Amino acid sequence: MKRPVAAFAGLGTYSPGKILTNADFERMLDTSDTWIRERTGIRERHIAGPDETVAVMAREASLLALQEAGLAPTDLDGIIVSTATPDRPLPSAACDLQALLGATNAAAFDIGAACSGWLYALLVGESLLASGFAKRLLVVGSEKLSAITDYTDRSTAVLFGDGAGAAVLTASDGTRGIIAGHLKSDGRLAELLYRPGGGSVAPPSEQMLKDRSYFIKMAGREVFKSAVRSMADAADRALEQAGITGEQVDLMIPHQANIRIIEATAEHAHIPMERVFINVDRFGNTSSASIPLALDEARRAGLVKPGMTILLVAFGAGFTWGSILLRW
Ligand SMILES: CC(C)(COP(=O)(O)OP(=O)(O)OC[C@H]1O[C@@H](n2cnc3c(N)ncnc32)[C@H](O)[C@@H]1OP(=O)(O)O)[C@@H](O)C(=O)NCCC(=O)NCCS
């Protein structure tokens, strides 16, 4: 097991107050609460209002993380934001967040790895600490998926929610922090889960709103199968690196996309469901905000204790996937 170089000094989250329930979807689309719960495990999701931008949600989560770390925004030397839904195409969400925080001493940039993005950002952050480039980093997942969700498409509309989570990452004392990490991608599968329009190949147009190509498209069944396979593999890799088995994991915090994907991953890794934290029922899939939102909620519920071994595991568009083992 490697000696950790990066550890969490603070964690914070933000969830919009507006909630969209399955009953709301029953009024909007040809769907049912039973179908949604049985196929996904989702009951409701938080939806951002016009003033709850990706940068604003990120700021709220970041201020809580900084407060816990006992740091001011000006103490940060780096800000990494993972998002698939930046407030505007240019500049990065991280630069918008930097301005809102007044974090004038930081280098700020975004990471694009969809739902796996927060794990990508944490491992990039770990490398920046290990190389000596940075000493105090903010690593954020902030998403406004409602902005790119097609609310006329029942197969995707019911899945997504909004929110943000942030961690302050600093040098480890050598006992706690990131003890293993694995990242992988397969861009050949990009068009199974993507947004065809709105980029530089197909700039926004009226036609795009009519044919719905501005919004997320997904081949649900194929994505489901790949997610199960990839999250299982990611869990194996982190456990192998650390030289432990699933039985030795105290808590698994998976990406919250679908309860059936989570159950399959846990079963593969031999982690009983009592040691898996789930909040997909109340948040839906918040992409790269989902793991920090779940980790923070688990912590506030008293489920995270010093010395625990925690497995984070994610899968997302790209396809991208990954895992991190933490000694808390
Ligand atoms: C989206 C998902 C829940 C659909 O479940 P599924 O069992 O695969 O269902 P299918 O897509 O095969 O569709 C089965 C039927 O349900 C219907 N259906 C789809 N969404 C529905 C909804 N919200 N309500 C009712 N029926 C719905 C389909 O139209 C289809 O009907 P048909 O048989 O008449 O054509 C599932 O595929 C899934 O979770 N995929 C992974 C999604 C994900 O997590 N993506 C993010 C990864 S980070």
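Of note:
- The set of residues in the stretch 240-263 being part of a helix (DSSP H, G or I) and either within 16 Å of the chain's Cα centre (by Cα) or within 9 Å of the ligand (Cβ to nearest atom) (or both) consists of Ile259, Arg260, Ile261, Ile262.
- Every residue from the stretch 63-75 that is touching a Ser or Thr at 6+ places or on another chain (Cβ under 9 Å) and touching a residue at least 60 places away in the same chain (Cβ under 8 Å): Leu64, Ala65, Ala69, Leu71
- Among residues that are away from the ligand (no atom under 16 Å from the Cβ), assigned to a loop (DSSP other than H, G, I, E, B) and in contact (Cβ under 8 Å) with a residue 60 or more places away in the chain, Thr175 is included.
- Ala166 fulfils the conditions (1) away from the ligand (no atom under 16 Å from the Cβ); (2) surrounded by fewer than 19 Cβ atoms within 10 Å (Cβ to Cβ); (3) not polar (S, T, N, Q) except for a single criterion, (2).
Residues are listed down the side, and each one gets a yes or a no for (1) among the charged types (D, E, K, R); (2) within 16 Å of the ligand (Cβ to nearest atom):
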residue: Thr31; (1), (2): no, yes
residue: Arg45; (1), (2): yes, yes
residue: Val54; (1), (2): no, no
residue: Glu60; (1), (2): yes, no
residue: Leu64; (1), (2): no, no
residue: Glu68; (1), (2): yes, no
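- Hits in the stretch 295-316 - residues which are of a type in the set (A, V, I, L, M), surrounded by fewer than 24 Cβ atoms within 10 Å (Cβ to Cβ) and out of contact with any Asp or Glu (no Cβ under 8 Å at 6 or more places or on another chain): Ala298, Ala301, Leu303, Val304
- The single condition among (1) near the ligand (Cβ under 9 Å from one of its atoms); (2) part of a loop (DSSP other than H, G, I, E, B) that Lys225 does not satisfy is (2).
- Filtered residue count, the stretch 1-49, keeping only those that are in a loop (DSSP other than H, G, I, E, B), surrounded by 15 or more Cβ atoms within 10 Å (Cβ to Cβ) and either under 21 Å from the mean Cα position of the chain (by Cα) or without any contact (Cβ under 8 Å) to a residue 40 or more places away in the chain (or both): 7
- Residues of the stretch 118-146 that are over 16 Å from Leu97 (Cβ atoms) and of a type in the set (Phe, Trp, Tyr): Tyr120, Phe133.
- Residues that are more than 27 Å from Arg37 (Cβ to Cβ), hydroxyl-bearing (Ser, Thr, Tyr), in contact with a His (Cβ under 7 Å, 6 or more places away or on another chain) and part of a strand (DSSP E or B) do occur in the stretch 316-327, at least one of them.
- Among (1) buried (at least 20 other Cβ atoms within 10 Å of the Cβ); (2) within 16 Å of the ligand (Cβ to nearest atom), the one test that Ile271 misses: (2)
- Leading residue by the ranking (nearest to the ligand (Cβ to nearest atom)) among those in the stretch 13-29 that are closer than 24 Å to Val54 by Cα and small (Gly, Ala, Ser): Ser15
- A single entry from Arg195, Arg154 fulfils the requirement of being surrounded by fewer than 20 Cβ atoms within 10 Å (Cβ to Cβ), over 22 Å from the mean Cα position of the chain (by Cα), within 16 Å of the ligand (Cβ to nearest atom) and basic (Lys, Arg): Arg154.
Only the coordinates and a few stated rules stand behind these numbers; no lab work does. Everything numeric in this text was worked out from a predicted model, so none of it was measured. Note: ideal-geometry Cβ built from the backbone for every residue, glycine included; neighbour counts use all protein chains shown.
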